[in-house]
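Below is one structure, written out as structure tokens; the observations come after it.
The values are calculated or read from the model by the stated rules, or taken from the named source; none is laboratory data. Note that the coordinates shown come from a computational prediction; the quantities given were computed from them, not determined experimentally. Here the Cβ is made from the backbone with ideal geometry for all residues, glycine too, and neighbour counts use every protein chain on show. With ligands, DNA and RNA removed, areas are computed over all heavy atoms of the protein, side chains included. Shrake-Rupley method; radii C 1.70, N 1.55, O 1.52, S 1.80 Å.
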Amino acid sequence: MAFEHTSVLLNETIEGLKIKPDGIYVDGTLGGGGHSHKIAGKLSENGRLIGIDQDEAAVTAAGERLKEFGNKVTIIRSNFRNTKSVLDLLGIHKIDGMMLDLGVSSYQLDTRERGFSYRYDAPLDMRMDLRQTLTAEDIVNGYSEMDLFRIIRDYGEDRFAKNIAKHIVKAREEKKIETTGELNEIIKAAIPAKMRKDGGHPSKRTYQAIRIECNKELEMLKESLDELIELLNPGGRLCIITFHSLEDRIVKTAFKKAENPCICPPSFPVCVCGKTSQGKVITGKPVLPGEEEQNENPRSKSAKLRIFEKA
């Protein structure tokens with residue numbers, strides 16, 4: 001199927017980047033190229049955009065969509081955690097702005113064989129980068145009951161995590177769990193019937209948890225933020241769109257720490273730790289999609305945009 005994805009908070013992100021026509025910008029989650037197309041359209045012949053994505057289908061689709069911009073755009077298949085290495089290879093040491101859209105693309109969700117969605121019966125995969133070996137099937141069948149409980153509780157924030165983990169382990173003793181349909185039935189059986197009526201599909205939180213674990217999403221985000229801020233030129237901005245509270249909390253905390261890194265006790269009259277501010281948080285509160293966007297694209301409802309500006 002064609003790589004289709006509706007860019008969330010598109011205009012708000014472009015505005016937040018404060019694009020300079022001759023600047024260097026990075027889209028660390030290229031996807032179908034929606035945000036990148038807008039960014040590239042604002043660049044002069046001296047400007048440059050580097051698009052990064054780990055999904056081969058995204059790289060191919062975005063390459064086609066952005067080919068009109070010629071040499072202004074460079075696309076690399078990698079993960080945003082490797083941004084510094086990618087830039088080093090290109091001979092670039094500082095950038096004027098970067099954006100991350102941390103949501104799963106509509107293409108990934110709607111492509112049955114990728115196994116991201118509980119709406120289709122498909123192989124348990126969930127890999128954003130098909131070059132990696134760990135799959136959702138490996139997690140479901142190989143993790144201990146305690147580890148399954150931990151990731152469903154922590155990454156899915158599901159109050160029935162313990163029972164879901166218990167049911168998964170019991171089911172796999174009889175037969176290897178290979179498809180989303182099989183997993184759906186196991187999760188359904190683990191949640192009391194009266195509770196399944198509220199809160200959407202019973203598998204939603206568990207799928208989120210397994211996907212995050214499979215792709216190490218939170219670890220990569222945590223490990224990357226300080227370095228991404230360091231890559232910015234003075235006045236450069238980092239714009240990040242999150243889709244659940246776990247991601248948003250990491251971004252909010254990292255931005256706040258970058259703005260005020262002082263670790264001195266509050267009782268100290270002056271700072272003696274020597275840690276200096278990296279810049280300022282532009283968004284006191286996250287930017288949310290407007291009512292019109294939420295109606296046109298229901299998947300945008302949980303999106304939050306936070307922006308940091310380098311000093």
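Couple of notes before you dig in:
- Shape descriptor for the range 249-296: Rg over Rh equals 1.23 (Cα atoms; Rh from the Kirkwood inverse mean 1/r).
- Listed peptides 26-39, 172-185 by packing density, highest first (mean Cβ within 10 Å): 26-39, 172-185
- Size-normalised alpha-carbon gyration radius of the range 181-282, reference 2.2 N^0.38 Å: 1.58
- Heavy-atom accessible area order for PHE255, PHE160, largest first, 1.4 Å probe: PHE160, PHE255
- The Kirkwood hydrodynamic radius of the chain, based on inverse pair distances between different Cα atoms, is 20.8 Å.
- For the cross-link pairs LYS166/LYS216; LYS216/LYS285; LYS18/LYS216, the ones whose C-alpha atoms lie over 25 Å apart are LYS216/LYS285; LYS18/LYS216.
- The Cβ shell under 11 Å around ARG81 holds other residues with a net charge of -1, Lys and Arg each +1, Asp and Glu each -1.
- Given +1 at the Cβ of Lys and Arg, -1 at the Cβ of Asp and Glu and no other charges, the dipole of the range 163-293 around its Cα centre is 540 debye to the nearest 20.
- Whole-Å distance, taken between Cα centres, linking the range 244-308 and the range 5-24: 18
- Helix-derived mean residue ellipticity, 222 nm - over the chain, DSSP H n ≥ 4, -39500 (n - 2.57), to 500: -12500 deg cm²/dmol
- Working note: Debye formula, equal point scatterers on the alpha-carbon atoms of the range 1-125, no solvent; log10 I(q)/I(0) at q = 0.18 Å⁻¹ is -0.92.
- Test item: Cα-centred dipole of the chain, Lys/Arg +1 and Asp/Glu -1 on Cβ, debye: 840
- Computed from backbone phi, the HN-Hα couplings of the range 235-251 come to x, x, 10, 10, 10, 10, 9, 10, 10, 8, 4, 5, 5, 4, 5, 5, 5 Hz, rounded to whole numbers (Karplus: 6.51 cos²θ - 1.76 cosθ + 1.60, θ = phi - 60°; Gly and Pro given as x).
- Contact order for the chain, expressed relative to its length and based on alpha carbon pairs under 8 Å spaced 6+ residues apart, stands at 17 percent.
- Straight-distance crosslink candidates among aspartates and glutamates, where the alpha carbon sits under 15 Å from LYS42 and sequence neighbours closer than 8 are dropped: GLU12, GLU15, ASP22, ASP27, GLU68, ASP96
- The range 96-206, relative contact order in percent, only Cα pairs under 8 angstrom and at least six apart counted: 23
- Signed unit charges on C-beta, dipole axis of the range 98-202, positive-most listed residue PRO123, LEU148, MET195: MET195
- Charge dipole of the range 225-311 about the Cα centre (unit charges at C-beta), most positive-ward option of PRO269, PRO234, GLY290: PRO269
- Relative contact order [Cα under 8 Å, 6+ residues apart], the range 262-311, whole percent: 40
- Look at where the Cα atoms of the range 209-226 and of the range 86-103 average out, and the two centres are 18 Å apart.
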